[in-house]
Structure formats: C-alpha cells, structure tokens
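S.K.: Take this structure first; my questions come after.
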Amino acid sequence: MKISCNVLDRQYRMFESEYDAAALRVLKSGWYILGNEVKQFEEEFGKHMNAKYCVGLNSGLDALILSVRALGIGEGDEVIVQANTYIATVLGITENGATPVYVEPDEYFNIDADKIEEKITDKTKAVMVVHLYGQASRMDRIMEVADRHGLPVIEDCAQSHESCFQGKKTGTFGKIGCFSFYPTKNMGAFGDAGCVVTEDADLAGKIRMMRNYGSRVKYHNEIEGVNSRLDEMQAALLRVKLSHMDEITNERYVLGKRYYDGIRNPKIIKPETLAGVNHVYHQFVIRCAERDALHDYLEENGIQTQIHYPIPPHLAECYAWQGYRKGDFPITEEYASTVLSLPLYTGMKKEEQDYVIEILNGFRGEV
Ligand SMILES: *Cc1c(COP(=O)(O)O)cnc(C)c1O
C-alpha cells in the first residue's frame, strides 16, 4: 500500500457540490477582490471565533507580519517566541526589524510557560505563542505572565483551528490571533489565505488599512501598506469549509486517537495532550531515537512521513546573523533530530491508517 502525507482532493470531494457552487457563484459575480464573499467570511469567522473583528488576508505569514507591525513593534524591540517553531512565526518578527528571543518548548512541543519570564527585558514588546501541531499552549500561565508585564500576546494559530484551552478557542486569548488557511492546514483553502481576529477596533482597522495599500478610502494612502487581500474565490470556498469545521475537526481527532491507541512500539514516543486541551492533530508527531532509520523503513514500506522541522530557526542559514550555535537550545535541537509526522489527513481511510500502525509496530530498529 502507498500512503502519502496528504491527499488534498479528498477534502474537496467530501463537500464537492458545495465547493463547486461557491466557485461558480464567484466566477459569475464579476467581482473578484474585496467584495461580498470576503465581507461575509469575515463576519462568519469572527462570529465562529466569538471575536469582534476578523480581517481577511493573503496568508498566515502576512497575518503575523501585519500583527507585529500594527502593534508598533520594530527595530530595537524584542519579541519572545518558542524556539521549535516553523520559520514563518519568526519571520513575522524579523520582517519588522525586531529581534526574536527564543524560549525552549515543554513536553507538549509548545512554549515552556515557566521559562518566559526570565527572558523578559525592557526591550520586550510582545510574546508570540504558537499552538504547535494542533494543541493549545498553557494559556492560563502565559496570559498571567504577559499581563503582569503589560505585554501583548500574539497567537500563531496556523496549526490550531478549533483547539481550545479550558474550553476557550486558541486565537481569542491574546491581543490578536493569526490564522493560516494554506491548503494543508486543518481549515485549508484552495490557494493562499489567512486572517486575524481581535477585540481591538484600532488594531483591526490598522490591519484592514495595511492590507490594501494603506488606504481606507481609495487613493488616500494614510500609511505605507502592502497588498495582502483575501480574494473572493478563497473567501467563498472557506465559507463552505467553515460550515463543516466540527465534522472536519472531529475526524482528525478520531484519526489521532486511533494512532495513539494503536501504536505499541517501545521505540516510539507518542504525543501527549495537556490536561484541559483538545488536540486537533494538525500533525501527529511521534519521536524516535532512530528517527532517520524509522523514516527510511516507512519509506521502504510505501509510507511517506515528514519532519516538522529538521532545522530550528536559530540554526537556519538565513538567521546566521543572530549568532546562535548548535547546543544553544538543547530541547529544541533534540526535538528537531527525533520528531516524525505521520500521515493524517481529512478523508484518510481506516485501512490506510491500520496499515501505517501495523508497519510502525513492526519497526525493530538497528539494535
Ligand atoms: C503554515 C504556518 C504559518 C504560515 O502560514 P502561510 O499561510 O503559509 O503563510 C505560520 N506559522 C505556522 C506555525 C504555520 O504552520
């Protein structure tokens, strides 16, 4: 059997006629940028998130970049962020000229909430929290520390659609929540898309202006903006997906739980879930001391896996100027050399998953 990391057409086929109708509606409307679909989507997603404002954008990266910028954070400022994240999180900071200050992750792959305070200086301007792999971070402790120091929290929710901490959705704890709708995300579009949600009218207004060349009124450019508009087609398709998020999220949870219950191999460390959190399994990430051997063994058996992420940002080539070395963040580096993401996607069949579990349990390794 051949198992890919992702089979994206299955999530299309699940609600095929609804997507077709939405796409045709846009094509025939004669209006393709910043129209009724985007307006409706922003209203619906905001309501769904229980957030006052939602601003549709071109991508998750733009959501991060514009959030940091709208908060007035730039050169000379520091932003606290976990060390084991995707490069986009850190780019949200460095694209604005600010400096990322890294914190090691906890055993759930999220920022270690107990190690934030020691990194706060008089240059710290925000805390960026990433709910990695689909599980909410320890938001009670994080908010307590950030509030005590008067620091805004920016949430990177690119992987955590619908994940909650103590019943409250990720993206609604901090000053602003940043979402990606990249096709492989839990709420994926059919192209690039993203958004922010916030309770802050000023912040929402600023980002709304920034996304369209810095103008509220056409050709009246109040600030130096960018082009980061969510288009009508993606908005229309996302409205369909949003209406099915309960079902989509539940399916991923069931798939994650089946992996968790089915994998019984002492060489494999399974991902644990923090108490009070619902894991939405954007990725099902196992750890293995013989990771590379396990990867090759799975490959030989037709199973594709991925590594999220092999090189942490502090060791990335593009950030050599930050001056970090191997060994500076040992937990992060240990994760980078042991993590492996198993295939898990909308529409994955039971027999496909059973096969992955059977092969995994048959891994004997080198010793
Ligand atoms: C995907 C992702 C992003 C960026 O989203 P894009 O829409 O691809 O720009 C940011 N942060 C994390 C954690 C992600 O996984």
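The values are calculated or read from the model by the stated rules, or taken from the named source; none is laboratory data. This one's a predicted model, so the numbers in the text were calculated from it and none came from an experiment. Because the Cβ atoms are built from the backbone with ideal geometry, glycine has one as well, and the counts that use them run over all protein chains shown. Just so you know, the surface numbers come from the protein's heavy atoms only, side chains and all, with ligands and any DNA or RNA stripped out. Shrake-Rupley method; radii C 1.70, N 1.55, O 1.52, S 1.80 Å.
S.K.: Filter the helices (runs of 4 or more DSSP H) completely within the range 10-79 down to those with at least 2 residues that are more than 16 Å from the ligand (Cβ to nearest atom) and crowded, with 22+ Cβ neighbours inside 10 Å. Give the steps one after another, and end with the answer.
M.R.: On the way: elements: 16-29, 36-49, 60-70.
Passing ranges, in order: 36-49.
S.K.: Which of (1) open to solvent by 10 Å² or more (accessible area, probe 1.4 Å); (2) polar (S, T, N, Q); (3) within 16 Å of the ligand (Cβ to nearest atom) does Ser137 not meet, given it meets every other one?
M.R.: Just one mismatch for Ser137, condition (1).
S.K.: Related question: So which pairs qualify, if the first residue must be in the range 126-151 and touching a residue at least 12 places away in the same chain (Cβ under 8 Å), the second must be part of a helix (DSSP H, G or I) and surrounded by fewer than 19 Cβ atoms within 10 Å (Cβ to Cβ), the Cβ gap must be under 6 Å, and the two must be at least 6 apart or on different chains?
M.R.: Close Cβ pairs (under 6 Å, with a partner that is part of a helix (DSSP H, G or I) and surrounded by fewer than 19 Cβ atoms within 10 Å (Cβ to Cβ)) amount to Val145/Glu117.
S.K.: Working only within the range 80-94, note down all residues that are open to solvent by less than 10 Å² (accessible area, probe 1.4 Å), more than 16 Å from Val226 (Cα to Cα) and either within 12 Å of the ligand (Cβ to nearest atom) or out of contact with any His (no Cβ under 9 Å at 6 or more places or on another chain) (or both). Talk me through it step by step, then tell me what you get.
M.R.: So in the range 80-94, the residues open to solvent by less than 10 Å² (accessible area, probe 1.4 Å) come out as 80-83, 85, 89-90, 92-93.
Subsequent filtering for residues that are more than 16 Å from Val226 (Cα to Cα) retains 80-83, 85, 89-90, 93.
Hits for the range 80-94 are Ile80, Val81, Gln82, Thr85, Thr89, Val90, Ile93.
S.K.: For the range 95-109, which positions are open to solvent by 20 Å² or more (accessible area, probe 1.4 Å) and assigned to a strand (DSSP E or B)?
M.R.: Residues satisfying the conditions are Thr99, Val101.
S.K.: Which condition number in (1) without any contact (Cβ under 8 Å) to a residue 60 or more places away in the chain; (2) open to solvent by less than 50 Å² (accessible area, probe 1.4 Å) is the one that Asp261 fails?
M.R.: Failing condition for Asp261: (2).
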